[in-house]
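The values are calculated or read from the model by the stated rules, or taken from the named source; none is laboratory data. These figures come from a predicted structure and were not determined experimentally. Ideal geometry is used to build each Cβ from the backbone, glycine not excepted, and the neighbour counts take in all protein chains shown.
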């Protein structure tokens, strides 16, 4: 198992590509790469990383408890910024229900009213104003998820990370504890990295 | 196991039968019990195993949901590996809904397992063979099927249980065997031994005709004692009757011996008397005959016709009386003279007699047929008298035939030789055959055939002295056949 010896991910060193003039080129390349690889992968029947993450987003709905859930009519999943999943996420959640509630995927560019969603996915385009958005959610029961490097160190709750060609999870339990969200121990079992209390700890597995 | 005393060995004793019966019942009950308990245990054990596997599978399944949903094979693998603490578990696997093995644990990596799909709609299913059981439990999370947990377990515990059952059965059987033997021994002491003693005693009674024996009384007080007492009473009664019978028999025997002795004495005296009389009569009669002959030869011409006729009659009467006396003497000798057996050629004897008869009456036309080599072991003198009597009889009774035929022959029957003298003469009435051999009894008148009525009685006495028998067959005018044997 891959193990981060520092236990912390430095956002500045971890995501140098996200800053500077070549960012659009990089994104274009990434998009093209993902599109090609994804197309090939889908043709071969293997899910892409984004497919897997889309499925995981849905699964989070099953392993996290939100307060006030009885008043809700649906679980709203908001993809903030660029949507890496295309229609996959819509397709996955369209026929599913969690605790009797249907799931709705909402794509958003602006960041107003993000506190009304249950799951908030920060797309790659949101790297630059990540801290602002996260602090805006301060205390609200919104599960924040992203595959941006260093996401949980910035106060995000769940971060996708690639490890041995598979998507793994890192969790900031301290951030979740500030809200009324309850993350199931089942979910914590499959994480590779957990931050809780004042210190972050490596996965205890 | 020897249950009997050496003197009496019935094919199957009661106590050995009882022992066998006991063992048969015990073994049957034991086998049935072992089968029943083992079957019950087998079913229970399988059910227990399946329910414990099911619990383990459910735990493993619920612990693996997140791993399955978040594709964390290592977590799932470590969950399954925890099953290795159960010694019977051979392996386990988590299979996704589309039938792919997500992760699996094998106790022996070289022994691969197969996971048949769970039937649709079923939450749990198991497959079992003689040596293993495979259980499938659906992983359900929040009402949704996420995959299936399979656990395969060995049934090796069953072998241990079977061996334990066999050991217990063997021990119980041994105990039962000992108990059955003790019961048989007790039964032998109280039932079989008294009966054997009784049987031995009865056998001795039968063999030795000793009715004074008694079976030892039983202090049992039950049916055996009654049986023994009854036998003893019966024996006492038999003994009394036997004694009475023996006394009566002895009495009768002595009386018979007494009477026989008296009769013998009287008979001997009578025979001596008749012999003496016959012998003594012979002398004067010979004198009368001789004088008659002299008178006929020398004085016939001095007599008138009447005197000569009376003289003829006197001579005829004296000859007849001489014949009678000879016959009587023969009869007497046949009863009294000592029997001396020697090899006698009866064929030659018959030929001689026939020759004599032909010489006496050469004018008669009689054909003799005499079988050769009739050799017998007999008293030559007596048997000659008997044979002469029979052939003379035949000669006499064929005298009215134009051509007579007389046969002497013999044939073998069983171990005897039966001799016979057959003629084609006047025969006799078979209804009166029993009178033939009685002295002075005649079936023909003196006018028909002359005779004394002593000849056949003499024959019978001679044959009887030889230990043989004589009998006759015949019919009026159809000849007669006299048979005799000469067995010693």
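Checking the structure you have, find out if any residue of segment A:37-47 is under 30 Å from residue A:194 (Cα atoms) and modelled with pLDDT of 75 or more.
Yes.
Touching a residue at least 24 places away in the same chain (Cβ under 8 Å), assigned to a helix (DSSP H, G or I) and away from chain A (no Cβ under 11 Å): does that describe residue B:32?
Taking the combined requirement at face value, the residue does not satisfy it.
Among the residues of segment B:427-467, how many are in contact (Cβ under 8 Å) with a residue 24 or more places away in the chain, assigned to a loop (DSSP other than H, G, I, E, B) and surrounded by 16 or more Cβ atoms within 10 Å (Cβ to Cβ)?
10
Which one is surrounded by the fewest Cβ atoms within 10 Å (Cβ to Cβ) among residues in segment B:56-73 that are free of Cβ contacts under 8 Å to residues at least 12 places away in the same chain and either more than 7 Å from chain A (Cβ to nearest Cβ) or not in a helix (DSSP H, G or I) (or both)?
Per the criteria, the residue is B:59.
Collect the residues in segment B:215-241 that are assigned to a helix (DSSP H, G or I) and within 15 Å of residue B:190 (Cβ to Cβ), keeping them in residue-number order.
Of everything in segment B:215-241, those that are assigned to a helix (DSSP H, G or I) and within 15 Å of residue B:190 (Cβ to Cβ) turn out to be B:223, B:224, B:225, B:226, B:227, B:228.
Could you pull out the residue among B:134, B:182 that is without any contact (Cβ under 8 Å) to a residue 40 or more places away in the chain and part of a strand (DSSP E or B)?
Among B:134, B:182, only B:134 is without any contact (Cβ under 8 Å) to a residue 40 or more places away in the chain and part of a strand (DSSP E or B).
Hey, can you tell me all the residues within segment A:63-106 that are under 22 Å from residue B:67 (Cα atoms), in contact (Cβ under 8 Å) with a residue 12 or more places away in the chain and within 14 Å of chain B (Cβ to nearest Cβ)?
A:63, A:64, A:65, A:92, A:93, A:96, A:98, A:99
Among the listed residues B:118, B:134, B:113, which satisfies the condition of being touching a strand residue (DSSP E or B) at 6+ places or on another chain (Cβ under 8 Å), surrounded by 14 or more Cβ atoms within 10 Å (Cβ to Cβ) and at pLDDT 90 or above?
Only one candidate qualifies: B:134.
Looking at segment B:111-121, is at least one residue under 27 Å from residue A:184 (Cβ atoms) and over 60 Å from the mean Cα position of the chain (by Cα)?
Within segment B:111-121 (the criterion being under 27 Å from residue A:184 (Cβ atoms) and over 60 Å from the mean Cα position of the chain (by Cα)), the answer is yes, since at least one residue qualifies.
Could we say that residue B:460 is out of contact with any strand residue (DSSP E or B) (no Cβ under 9 Å at 6 or more places or on another chain) and on the phi < 0 side of the Ramachandran plot here?
Answer is no for this residue.
Determine, yes or no, whether residue B:67 is touching a helix residue (DSSP H, G or I) at 6+ places or on another chain (Cβ under 8 Å) and within 23 Å of residue A:57 (Cα to Cα).
It is true that residue B:67 is touching a helix residue (DSSP H, G or I) at 6+ places or on another chain (Cβ under 8 Å) and within 23 Å of residue A:57 (Cα to Cα).
Please go through segment B:362-379 and pick out each residue that is in contact (Cβ under 8 Å) with a residue 24 or more places away in the chain and either out of contact with any helix residue (DSSP H, G or I) (no Cβ under 8 Å at 6 or more places or on another chain) or closer than 17 Å to residue B:483 by Cβ (or both).
Correct list: B:365, B:367, B:369, B:370, B:371, B:374, B:376, B:377, B:378.
What is the one condition in (1) more than 25 Å from residue B:446 (Cα to Cα); (2) part of a helix (DSSP H, G or I); (3) at pLDDT 90 or above that residue B:372 does not satisfy?
For residue B:372, the failing item is (2).
Pull up segment B:74-100, narrow it to residues that are in a strand (DSSP E or B) and more than 14 Å from chain A (Cβ to nearest Cβ), then point me to the one that is surrounded by the fewest Cβ atoms within 10 Å (Cβ to Cβ).
B:89
When you go through (1) crowded, with 19+ Cβ neighbours inside 10 Å; (2) touching a strand residue (DSSP E or B) at 6+ places or on another chain (Cβ under 8 Å); (3) within 14 Å of chain B (Cβ to nearest Cβ) one by one for residue A:52, which number turns out not to apply?
(1)
Could you give every pair whose Cβ atoms fall below 8 Å, whose first residue belongs to segment B:224-243 and is within 11 Å of residue B:212 (Cα to Cα), and whose second residue is surrounded by 14 or more Cβ atoms within 10 Å (Cβ to Cβ) and modelled with pLDDT of 85 or more, counting only separations of at least 6 or pairs across chains?
Between residues of segment B:224-243 that are within 11 Å of residue B:212 (Cα to Cα) and residues that are surrounded by 14 or more Cβ atoms within 10 Å (Cβ to Cβ) and modelled with pLDDT of 85 or more, the close pairs are B:235/B:205.
What do you reckon, is residue B:381 within 23 Å of residue B:472 (Cβ to Cβ), modelled with pLDDT under 90 and under 54 Å from the mean Cα position of the chain (by Cα)?
Considered against the rule, which asks whether it is within 23 Å of residue B:472 (Cβ to Cβ), modelled with pLDDT under 90 and under 54 Å from the mean Cα position of the chain (by Cα), residue B:381 comes out as no.
Of the residues in segment B:185-212, how many are exposed (fewer than 13 other Cβ atoms within 10 Å of the Cβ), assigned to a helix (DSSP H, G or I) and over 28 Å from the mean Cα position of the chain (by Cα)?
Residues flagged as exposed (fewer than 13 other Cβ atoms within 10 Å of the Cβ), assigned to a helix (DSSP H, G or I) and over 28 Å from the mean Cα position of the chain (by Cα) within segment B:185-212 amount to 2.
Select from segment B:313-332 the residues that are closer than 26 Å to residue B:463 by Cα and surrounded by 17 or more Cβ atoms within 10 Å (Cβ to Cβ) and list them in ascending order.
B:324, B:325, B:327, B:328, B:329, B:330, B:331, B:332, listed by residue number.
Wholly within segment A:117-205, which strands (runs of 3 or more DSSP E) include no fewer than the required count, namely at least 3 residues that are away from every other protein chain (no Cβ under 14 Å) and farther than 19 Å from residue A:61 by Cβ?
So the answer is A:199-202.
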